[in-house]
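Trainee: Encoded as structure tokens, here's the structure I'll be asking about.
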Amino acid sequence: MGGSVRPTMAFPSAPSALWIVSLLTVLFTAVVHSDNVGDDDPLQPMTSDETVSVGGTVTLTCKVAESDNSSLQWSNTAQQTLYFGEKRALRDNRIQLHRSTPTELSITIADVLLSDEGEYTCSIFTMPVRTARATVTVLGVPDKPQISGFETPVRDGETVTLTCTSTGSKPPARLRWYKGKEEVEGRPDVVESVPDEPTYNVSSELTLEVSASDNNVPITCVVDHPSLAPEDKRSEQALQVLYSPRVHISPDEMLPIEGQKFSLRCFGKANPEPHDFSWERKGEELPPLARADGDVLSFSMLNKSDNGVYICRADNGIGKGMEEYTLQVQDDTRNSTDTTAMSTSSGVDHAVIGGVVAVIVFILLCLLIVLGRYLIRHKGTYLTHEAKGSDDAPDADTAIINAEGGHSGAEDKKEYFI
């Protein structure tokens, strides 16, 4: 009977098995040792994590404390060698050598893309190989926010809902609302991921009940994101609120005086501006000399009969507004003022005239006194000369004759001596 042949399994000899186990142990130990080298190892590479925005430039630096002439190497997220010492290994012009020394290897990546994000490895080929990893985080810069909901103006007292949207952010941006300079709370942000992209679209809604005072008030949406400076990206639009006129009457003169011209002007603050004005006097017809022309009511000559309450009404199609003005015509005080002025002027003139007369009288008195003294002195001289001719005369006629003769003799004497 033929015997059956059993298949036999070949086992490695004992020396071969020991050699394989030893090789695996050495490789495992090298790998573990390369990842767990202590910080005090002078040949252990040192790196740092970096954050950069899309379009920016990031610098990756790998250093060792000491050099044993082993080369440093940078690899990308796909474990492709970028630089081995000073030698470029990957043809990508965005990646450039920044610095290469025995203890440092630095490279730069310009025009960073979202796909550049990941873990980069620095290696030094010692025995065992030592490595260090640096994580590059790429920020997606959000687009300028867009505000919708301002398509049509809103009436006073109505409610408006505004929506702010920003796209392309990574991580998701945060949106904030401002009404004027005051921050207001909107609804929580809605975050949506972009298909096939690591970015997000963010939107927020703000609901407001508007009033006339909100007209032209700016509403602002601001994007907050690590890639942006504070309030670097914002959008602003002004609220358009439709409201009826707020009416105000202003006189052209503060004091209405009887007999003078006078006018009232009606102002209507509204959106849109009022286009229709009307005037009336409360409980009565407008005076015959009053003329209404649009927003102006004019009086050619005021009279006490014009006193009363005047009403202006303004209409802008959204609504109507009105205001009252009480007219009280005052007496004309110009005549009494002129009389008083004339009296005052006359009094001043009389005083001046009186002063001039007093001076003249004083001067005349002084002249009279001087003239009197002069006459008295010259009268004594005359009497003395008169006495010389009448001392020896028996009567008045003789004295006169003697006086004349004396004069004649004196004249003769004068002639004789001459």
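The values are calculated or read from the model by the stated rules, or taken from the named source; none is laboratory data. What you are looking at is a predicted structure, and each value in this text was computed from that prediction instead of being measured. Heads up, the Cβs are rebuilt from the backbone with ideal geometry, glycines too, and the neighbour counts pull from every protein chain shown. The accessibility values were calculated without ligands, DNA or RNA, using every heavy atom of the protein model including side chains. Shrake-Rupley method; radii C 1.70, N 1.55, O 1.52, S 1.80 Å.
Trainee: Of the residues that sit in region 101-117 and are part of a strand (DSSP E or B) and open to solvent by 20 Å² or more (accessible area, probe 1.4 Å), which one is nearest to Gln80 (Cα to Cα)? Quick ask: steps written out before the conclusion?
Mentor: So in region 101-117, the residues part of a strand (DSSP E or B) come out as 101, 104-109.
Pick out the ones that are also open to solvent by 20 Å² or more (accessible area, probe 1.4 Å) and you get 101, 104, 108.
Details: Thr101: 21, Glu104: 19, Thr108: 16 Å.
So the residue we want is Thr108.
Trainee: Scanning region 63-82 for residues that are without any contact (Cβ under 8 Å) to a residue 40 or more places away in the chain and within 16 Å of Ala132 (Cβ to Cβ), which turns out most open to solvent (accessible area, probe 1.4 Å)?
Mentor: The initial filter retains those residues of region 63-82 that are without any contact (Cβ under 8 Å) to a residue 40 or more places away in the chain, namely 65-67, 69, 78, 80-82.
After this cut, where a residue has to be within 16 Å of Ala132 (Cβ to Cβ) as well, the list is 65-67, 81-82.
Values: Ala65: 73, Glu66: 106, Ser67: 50, Thr81: 45, Leu82: 4 Å².
Within region 63-82, the match that is most open to solvent (accessible area, probe 1.4 Å) is Glu66.
Trainee: Please go through region 259-268 and give me each residue that is touching a strand residue (DSSP E or B) at 6+ places or on another chain (Cβ under 7 Å) and either crowded, with 16+ Cβ neighbours inside 10 Å or not charged (D, E, K, R) (or both), ordered by number. Even if it seems obvious, please write down each step before you answer.
Mentor: To start, the set of residues in region 259-268 that are touching a strand residue (DSSP E or B) at 6+ places or on another chain (Cβ under 7 Å) comprises 261-268.
Listed by number, the residues that qualify are Phe262, Ser263, Leu264, Arg265, Cys266, Phe267, Gly268.
Trainee: When region 132-150 is examined, which residues are found to be charged (D, E, K, R) and more than 28 Å from the chain's Cα centre (by Cα)? Step through it out loud before you land on a result.
Mentor: Going through region 132-150, the residues charged (D, E, K, R) turn out to be 133, 143-144.
Listed by number, the list holds a single entry, Arg133.
Trainee: Looking at Val160 and the list (1) open to solvent by less than 50 Å² (accessible area, probe 1.4 Å); (2) in contact (Cβ under 8 Å) with a residue 24 or more places away in the chain; (3) in a loop (DSSP other than H, G, I, E, B); (4) touching a Ser or Thr at 6+ places or on another chain (Cβ under 8 Å), which single condition is not satisfied?
Mentor: (3)
Trainee: Sticking with this one: Can you confirm whether Asp232 is open to solvent by less than 40 Å² (accessible area, probe 1.4 Å), of a type in the set (D, E, K, R) and in contact with a strand residue (DSSP E or B) (Cβ under 9 Å, 6 or more places away or on another chain)?
Mentor: On the way: open to solvent by less than 40 Å² (accessible area, probe 1.4 Å): no; of a type in the set (D, E, K, R): yes; in contact with a strand residue (DSSP E or B) (Cβ under 9 Å, 6 or more places away or on another chain): yes.
No; evaluated as a whole, the condition is false for this residue.
Trainee: Moving on. Could you check region 144-157 and list, in sequence order, the residues that are in a loop (DSSP other than H, G, I, E, B) and of a type in the set (A, V, I, L, M, F, W, C)?
Mentor: The initial filter retains those residues of region 144-157 that are in a loop (DSSP other than H, G, I, E, B), namely 144-145, 149-153, 156-157.
Matches in region 144-157: Phe150 only.
Trainee: Of all residues in region 222-270, count the ones that are among the hydrophobic types (A, V, I, L, M, F, W, C), over 21 Å from Gly180 (Cα atoms) and touching a helix residue (DSSP H, G or I) at 6+ places or on another chain (Cβ under 7 Å).
Mentor: Matching residues across region 222-270 total 0.
Trainee: Among all residue pairs at least 6 apart or on different chains, which show Cβ distances below 6 Å where the first residue, located in region 258-274, is hydroxyl-bearing (Ser, Thr, Tyr) and the second is assigned to a loop (DSSP other than H, G, I, E, B)?
Mentor: Listed pairs, sorted by first residue: Ser263/Asp252.
Trainee: Quick check on this structure: which one of Ala65, Ala134 is at pLDDT below 95 and either aliphatic (A, V, I, L, M) or assigned to a loop (DSSP other than H, G, I, E, B) (or both)? Lay out the reasoning, then the answer.
Mentor: Working: Ala134 fails: at pLDDT below 95.
On inspection, the qualifying residue turns out to be Ala65.
Trainee: Does region 63-82 include one or more residues that are among the β-branched types (Val, Ile, Thr) and closer than 30 Å to Arg174 by Cα?
Mentor: Initial filter on region 63-82 (among the β-branched types (Val, Ile, Thr)): 64, 77, 81.
In the following step, the residues that additionally are closer than 30 Å to Arg174 by Cα were identified as 77.
For region 63-82, residues among the β-branched types (Val, Ile, Thr) and closer than 30 Å to Arg174 by Cα: present.
Trainee: Tell me, please, whether a residue that is of a type outside the set (Gly, Ala, Ser), within 23 Å of the chain's Cα centre (by Cα) and open to solvent by 80 Å² or more (accessible area, probe 1.4 Å) can be found in region 215-229.
Mentor: Yes, that holds for at least one residue.
Trainee: A further question follows. Before we move on, is Gly85 open to solvent by less than 70 Å² (accessible area, probe 1.4 Å) and over 23 Å from Asp111 (Cβ atoms)?
Mentor: For Gly85, the condition - open to solvent by less than 70 Å² (accessible area, probe 1.4 Å) and over 23 Å from Asp111 (Cβ atoms) - is met.
Trainee: Same structure again: Give me the pairs: first residue in region 244-257 and within 12 Å of Pro274 (Cα to Cα), second residue of a type in the set (S, T, N, Q) and open to solvent by less than 40 Å² (accessible area, probe 1.4 Å), beta-carbon distance under 6 Å, and six or more apart or on different chains, which are they?
Mentor: Note: pairs meeting the criteria are Pro245/Asn316.
Trainee: Looking only at region 170-199, count how many residues are among the charged types (D, E, K, R), open to solvent by less than 70 Å² (accessible area, probe 1.4 Å) and assigned to a strand (DSSP E or B).
Mentor: Initially, region 170-199 is screened for residues among the charged types (D, E, K, R), giving 170, 174, 176, 179, 181-183, 185, 187, 189, 192, 196-197.
The next check asks that each one be open to solvent by less than 70 Å² (accessible area, probe 1.4 Å); those that pass are 170, 176, 179, 189.
If we keep only those that are assigned to a strand (DSSP E or B) as well, we get 170, 176, 179.
Number of matching residues: 3.
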